[in-house]
Amino acid sequence: MEIMAAQYALKLNKPVLGICRGCQLLNVAQGGTLYQDVNSQRENSFLHMQPAPRPEPTHYVNLGKDSRMAEMFHSERILTNSFHHQAIKDLAPGFKAVAHADNGVIEGFESSEHTFVMGIQFHPEMMWLQDEAMFKVATYFLDCVGVRPQR
């Protein structure tokens, strides 16, 4: 049902921000594949399921120079957390990988066919209170879709 909902949202060109499993779901919904267990299926992989507390960053992610993600974070390299054992293997057509861990695992993508579709493998929502840069994910998404929160 989730895959059908994602496909429908994409068909209607609705703004979509997929975080972690949402990132993976969007990729599969559009025809991409996943590593079922990134640590056992990829060489040179590091622990993507961190033992550290959820808000604590444990690895770097490199952002594409001309990507929305780099614009959002005002940087081409960020320190993030990691709580996943699956990861994107083959990126779906129409998506462009714009974020990679140092070991090459895709940590984020953007759509080249939709107004706003972004997948983020890490968990900025778990870091918002400690890291203002991670809070920008929410504000950037709301700005892009033209929503202003009411106080």
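Odds and ends about this structure:
- Enumeration of residues in the range 6-27 that are in contact with a strand residue (DSSP E or B) (Cβ under 6 Å, 6 or more places away or on another chain) and either acidic (D, E) or under 13 Å from F116 (Cα atoms) (or both): A9, V16, L17, G18, L26
- Scope the range 7-22; condition farther than 18 Å from A87 by Cα and assigned to a helix (DSSP H, G or I); matching residues: Q7, Y8, A9, L10, K11
- Exclusive hit being at negative phi, in contact with an Asp or Glu (Cβ under 7 Å, 6 or more places away or on another chain) and among the β-branched types (V, I, T), set V98, V137, V145: V98
- Criterion (within 25 Å of G31 (Cα to Cα) and touching a helix residue (DSSP H, G or I) at 6+ places or on another chain (Cβ under 9 Å)) met by exactly one of V98, V137: V98
- Close pairs from the range 1-28: first touching a residue at least 60 places away in the same chain (Cβ under 8 Å), partner of a type in the set (S, T, Y) and in a loop (DSSP other than H, G, I, E, B), Cβ under 8 Å, at least 6 apart: N13/T115; P15/T115; N27/T33
- Taken over the range 87-134, the criterion of being more than 11 Å from the chain's Cα centre (by Cα), of a type in the set (G, A, S) and within 17 Å of P57 (Cα to Cα) is satisfied by A101, A133.
- In the range 40-53, the count of residues that are loosely packed, with under 13 Cβ neighbours inside 10 Å, at pLDDT 90 or above and in a helix (DSSP H, G or I) is zero.
The values are calculated or read from the model by the stated rules, or taken from the named source; none is laboratory data. Because the structure is a prediction, the values reported are computed rather than measured. Glycine gets a Cβ as well: all are built from the backbone with ideal geometry, and neighbour counts include every protein chain shown.
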